[in-house]
Each structure stands twice: as C-alpha cells, then as structure tokens.
Amino acid sequence: MTAPAVPQRLAAPEPGWTDTVDVVVIGSGIAGLTAALKARALGSVLVVTKDVVASGSTQWAQGGIAAALSPEDSPEDHLKDTLVAGAGLSDPEAVRVLVTEGPDAVRDLIELGAVFDTGAGGDLSLTREGGHHRNRIAHAGGDATGAEIERALVAAVKRAPDIRIIEHALVLDLLKAEDGAIAGVTLHVMGEGQLDGVGAIRSRAVILASGGLGQLYAATTNPSVSTGDGMALALRAGAKVRDLEFIQFHPTVLWLGKGAKGQQPLVSEAVRGEGAFLVDHEGKRFMQGQHELADLAPRDIVAKAIMRQMLASGKDHVFLDARDFGDEKWRVRFPTILASCRSHGIDPVHELIPVAPACHYSSGGVWTDLHGQTSVPGLYACGEVACTGVHGANRLASNSLLEGLVFARRIADSLTKQLPVLREPAADHRVPGLVDAGVVPELQRVMTVGAGVIRSASGLSEAGDRLAKLFEQPAEQPGTPDWEATNLATVASALIEAATTREESRGSHWREDYPDRDDENWSGSLDLTLPAEDDSARPAATFVAQAPREGN
Ligand code: SIN
C-alpha cells in the first residue's frame with residue numbers, strides 16, 4: 001500500500017470554553033474576507049485566521065486577476081482558454097460561472113475600494129499571462145495585485161464591526177452532529193484573556209477558505225501558513241477531496257541557489273506577458289516551437305519545458321531575459337519583483353534572472369458543487385482549499401483570485417436562501433493522533449523528490465514508505481507545530497494516493513512511467529476520502545468518470 005496511515009483526528013486537550021455564532025469562516029484571504037463581508041447580512045460571522053489577517057497567499061499574488069473586462073474580450077474567450085489549460089478535466093459549468101460572474105465581481109471589488117492600474121484614458125490596464133489569448137489580467141501597484149486586494153478587503157472588514165476576527169487561531173477539527181451535518185469547530189487560540197487555549201465554537205455553517213498546501217514541498221511560493229489545514233480537516237470530517245494530484249509548479253520562481261528552502265520569491269508570468277522570454281545557459285530561447293504561445297504557453301507546458309532543459313543540461317535553473325524592459329518599465333510595472341531580485345544581488349535591468357519551477361498552487365481541493373457546498377452538509381469551501389471544478393488538471397494563470405471571489409459570493413447567496421439550523425455536536429469516537437513537527441523538513445524533501453514535478457510508481461512508493469516511517473515518530477506535546485505537521489502528513493498521504501492511482505500524464509501531473517495523456521482510461525477525477533482503520537485512517541481514491549470536455 002503506497003499511502004501512509006495518518007491520525008483520524010488531532011490529539012488535543014478538551015475544549016476549555018465554548019462560543020456560538022451563525023457562520024464560522026476559516027481563513028482571511030480574498031475568499032474568506034469576501035465570504036465574511038457577504039455573509040454578515042445573515043447573522044453573526046466569525047473569521048478565524050492562523051496568523052494576522054493579511055498573512056495568507058492572497059497578499060503575495062503578483063500577476064493579477066483575470067476577467068473579460070475589455071470590449072475586445074468575452075466570457076466565451078475566457079472560458080475557452082480556461083478549458084484548454086484544464087487539459088480535459090475542468091467542469092465547463094463551473095468555468096461558465098467563473099467567466100460570466102467574474103467581470104461584475106471585479107467591478108464590485110473596485111467599488112469596495114481596490115485600486116487597479118489604469119492607462120492614460122482611465123481604462124483598466126490589462127495584461128496577458130500564460131495560456132491567455134487576450135489581454136485580460138487586471139493588476140494593481142504594477143505587480144502587487146494581491147496586496148492591494150487584501151488591503152481593500154481588510155479595510156472593508158474593519159468598517160464592518162459586526163464581523164468578529166480571531167487571529168493566531170488554528171482550527172483543529174470540525175464538529176459534526178448525529179446526522180453528519182456540521183455543528184461547529186474546535187480551535188486553538190494563542191490569545192490572552194477570555195479566548196485562550198483550546199475551545200469549541202458551535203455554528204450553523206462553516207466556510208473553509210484556508211488556502212493551499214505549498215509547505216508540503218521544500219521550495220514553494222506559498223507563505224509558511226500554507227500547511228494544507230483546510231484539506232486535512234475536511235478529509236478527517238469525511239468530506240471528499242478531488243484532483244489533489246494536480247499540483248501546479250510555477251515555472252519562474254527566483255532561483256536562490258541549490259537547496260534553497262521555504263517560501264521563494266515569485267517572478268510573475270506577467271513579466272513574460274510583457275515580453276520577457278526564457279533562455280538556457282547558452283542564451284538560447286527554448287520555448288519557440290514548443291507551443292503556439294511559446295513563452296506564454298499554459299503553465300504546465302512551460303514548467304515541463306524548463307524541467308527538460310534542466311535535466312538535459314544537468315543545471316538546476318534556466319534564465320528569464322527581461323533586459324529589454326529598461327529601468328523605467330521595471331520600476332513602474334514590476335517594482336516588487338525588481339526589489340526582490342535586487343535584494344538577492346540580481347539586477348534584472350542588466351542581468352538575466354535565474355529561475356526554476358517551485359510548488360505554487362493546488363488545482364484540486366475540497367470538492368464543492370457550484371454553490372460552494374462540500375459533500376458534508378453545512379460545510380462550504382472556496383479559494384485554493386476548494387475544488388470547484390474550474391481548474392481541472394492545470395489552473396489558468398490569474399484565475400485563482402477570481403475563483404475565490406466568485407465562489408465566496410455564491411456561498412453567501414446560497415446561505416441566504418437556506419442557512420442550516422444550529423445542531424448539537426455529537427460525541428466524537430475517532431482515535432486521536434499526532435505527527436511530530438520534527439519530521440517536516442524530511443517530509444518536504446521526500447515529497448519534492450518522490451511526488452514533485454516528475455513522478456513514477458517507484459518514486460511514489462518509496463516516498464510513501466519513507467513517510468510511513470516518519471509518521472511513526474511520536475509527538476511529545478500537542479501544539480501548533482505538531483498539529484500543522486499532522487495536517488501536512490494527511491494531505492501528503494492523500495496526494496501520494498492520488499498521484500499513484502492516476503497512471504497517465506496530464507496537466508500538472510507528470511508520470512515518467514506513463515508519459516502520455518490517456519483519455520480512454522483517465523477522463524475523470526479522483527475523489528479522495530479518509531476511511532478509518534483500527535486506530536488510524538488511510539486515504540482511498542475513487543475514480544469519477546467525466547465525459548471529455550468541449551474545447552479540449
Ligand atoms: C503570477 O503572477 O505569475 C502568478 C499568477 C497566478 O498564479 O495565477
């Protein structure tokens with residue numbers, strides 16, 4: 001068996017306090033804060049966030065937010081590009097929702113106070129990124145789009161005193177009622193005074209908006225809080241997680257030397273959108289002839305081309321050439337990337353930028369319907385933690401902020417129509433367990449080698465065996481590092497199961513032992529669940545066939 005066993009629930013002290021609200025939102029990026037702002041009309045809303053409010057992935061987003069906002073563009077064109085990037089697995093209905101509701105959602109964000117870059121006539125400046133056939137990426141502060149969106153949302157939440165926020169709080173597990181529906185959460189608050197330590201919050205609905213899982217890998221563009229918590233606690237609560245094998249590696253992450261670990265600086269696709277191109281160590285361009293869009297091919301294609309270059313040359317990076325921009329364009333259009341390159345001793349105005357792929361985004365996540373409802377009644381999900389069906393096997397650049405925005409609004413609309421009743425939590429008989437935080441660096445190394453960009457049955461099996469041994473190591477004292485390590489372990493195990501099961505290469509899942517896309521056998525998704533064993537749980541994958549999609 002490849003996927004290692006993991007705990008059925010987190011070992012933690014019994015809750016020392018209880019509170020009650022109507023809706024708990026877990027996470028405070030674009031999806032969480034949008035959901036909170038919209039859901040406040042329904043009753044009391046509590047946002048729980050692991051660090052300070054603006055610490056998640058949203059604020060790091062550079063390129064922008066994609067939407068058909070110009071007269072030369074249309075939702076239909078945006079739909080086509082999204083389906084092609086999704087490599088046959090995007091759900092056309094979910095994509096249609098995204099592209100048709102997207103433009104108004106962005107306009108509402110502007111209304112709320114987000115300031116996007118405009119041209120001389122005052123129209124939005126729209127750029128292009130990988131996989132887009134039109135200029136449709138709105139950006140802010142040049143390359144600081146996420147930071148501006150987060151600023152505007154945090155300001156709006158601060159103007160809404162009825163939204164309560166608890167910072168430095170990790171949700172441990174979901175509470176369920178006798179009928180299997182959500183009854184609230186247990187959480188650990190690093191606070192002082194009234195809410196401190198482990199507590200329970202009873203609620204009518206829980207909205208997961210807790211972001212991604214980048215910390216599963218040694219090098220990632222994700223911040224340290226991205227430890228797959230939402231996916232892990234959804235799995236433990238019996239929810240379905242879909243398409244987890246499709247982990248997107250961003251092609252152009254600043255290469256900081258061999259063995260660089262943790263969060264790495266992104267060099268946005270928008271840099272290529274504005275004319276930069278990739279070159280090898282001889283200075284030769286290598287994307288031309290590989291795809292009609294060359295350097296702006298969908299992300300998985302560019303990442304694979306870079307990996308092939310690196311394997312063939314024995315080097316661990318390639319280069320991005322953006323010297324043609326000149327000083328002024330760098331300063332105005334990409335101030336964040338310019339500063340980040342310079343802080344690492346690289347001057348992109350005159351020098352090539354060393355880049356290599358690093359883990360960036362999980363295209364899969366907690367399965368939802370078109371209204372953000374998961375397979376557990378009362379549990380909703382939006383943003384990177386969710387799998388709405390939009391991204392399929394590979395997310396189109398700059399569709400992630402839009403997806404978080406559009407589907408968070410849909411969840412609030414659906415709760416307005418029917419807010420679940422408050423339920424009594426049932427006794428929890430699952431066996432608690434914990435993975436020791438000391439194993440995380442080795443877990444990241446094992447995942448990078450065995451379940452990273454290039455995978456194989458033998459590599460995945462070795463990774464599974466190694467992780468199983470690591471997870472046997474007992475944790476001393478329950479606390480945030482061990483809880484996060486257990487979440488990482490749970491998601492790693494599920495990802496290995498999915499990646500082992502899918503015996504083909506498609507989108508961002510690359511199997512060297514099954515190098516071709518296999519529509520006959522693999523046109524569909526893998527649903528992961530976490531069935532309980534004697535004293536642990538082990539992920540199981542079920543194939544859900546889909547008809548081949550239009551436009552692929
Ligand atoms: C980028 O700016 O290249 C990242 C955008 C994205 O991940 O969609």
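The values are calculated or read from the model by the stated rules, or taken from the named source; none is laboratory data. Since this is a predicted model, take the numbers as computed values, not measurements. Positions of Cβ are backbone-derived with ideal geometry, glycine not excepted, and every protein chain shown enters the neighbour counts. Just so you know, the surface numbers come from the protein's heavy atoms only, side chains and all, with ligands and any DNA or RNA stripped out. Shrake-Rupley method; radii C 1.70, N 1.55, O 1.52, S 1.80 Å.
Summary of computed values
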| item | result |
| --- | --- |
| Radius, Kirkwood style, for the stretch 9-152 when every pair of distinct Cα atoms is counted (Å) | 17.3 Å |
| MRE, 222 nm, helices only [DSSP H, n ≥ 4, -39500 (n - 2.57), over the chain, to nearest 500] | -9500 deg cm²/dmol |
| Per residue accessible area of the stretch 89-218, 1.4 Å probe, in Å² | 37 Å² |
| Radius of gyration and maximum dimension Dmax of the stretch 181-272, Cα, Å | 17.4, 51 |
| Carbon + sulfur, % of accessible area of the chain - ligands and nucleic acids excluded, 1.4 Å | 50 percent |
| Mean separation of Cα contacts under 8 Å (6+ apart) over length of the stretch 80-196, as relative contact order % | 15 percent |
| Kirkwood Rh and Cα Rg combined as Rg/Rh, the stretch 278-436 | 1.13 |
| Residues in the stretch 276-291 reached by a label modelled at R323 [backbone nitrogen below 11 Å; 7 Å Cα→Cβ] | 283 |
| Average Cα contact separation per residue, the chain, under 8 Å, 6 or more apart, as relative contact order % | 24 percent |
| Charge-dipole axis of the chain as Lys and Arg at +1 and Asp and Glu at -1 on Cβ define it, positive-most pick from C359, L530, G459 | C359 |
| Inter-label distance, nm, simple model (7 Å from Cα along the C-beta direction), E442/A540 | 3.0 nm |
| Charge dipole of the stretch 435-478 about the Cα centre (unit charges at C-beta), most positive-ward option of G438, A468, T448 | T448 |
| Tail weight of P(r) past 20 Å, computed on alpha-carbon pairs of the stretch 60-215, percent | 65 percent |
| FRET efficiency for N521 and E476, using Cβ-Cβ distance with R0 set to 60 Å, rounded to 0.05 | 0.85 |
| Highest to lowest packing among 122-134, 467-479, 50-62, scored as the average C-beta count within 10 Å | 50-62, 122-134, 467-479 |
| For the stretch 6-161, size of Cβ-based charge dipole, Lys and Arg +1, Asp and Glu -1, in debye | 360 debye |
| Test item: Cα-centred dipole of the chain, Lys/Arg +1 and Asp/Glu -1 on Cβ, debye | 480 debye |
| Overall dimensions of the chain as given by Cα atoms, namely Rg and Dmax in Å | 22.0, 66 |
| Backbone N within the stretch 16-42 under 20 Å of label point (7 Å from E111 Cα along the Cβ vector) | 30-42 |
| Selection from A205, A492, V21, by position along the positive dipole direction of the chain (Cβ) | V21 |
| D104 paired with K315, simple spin-label distance in nm, labels 7 Å along Cα-to-beta-carbon | 5.0 nm |
| Gained length - A339 relative to T118, 0.36 nm times residue gap less alpha-carbon distance | 77.3 nm |
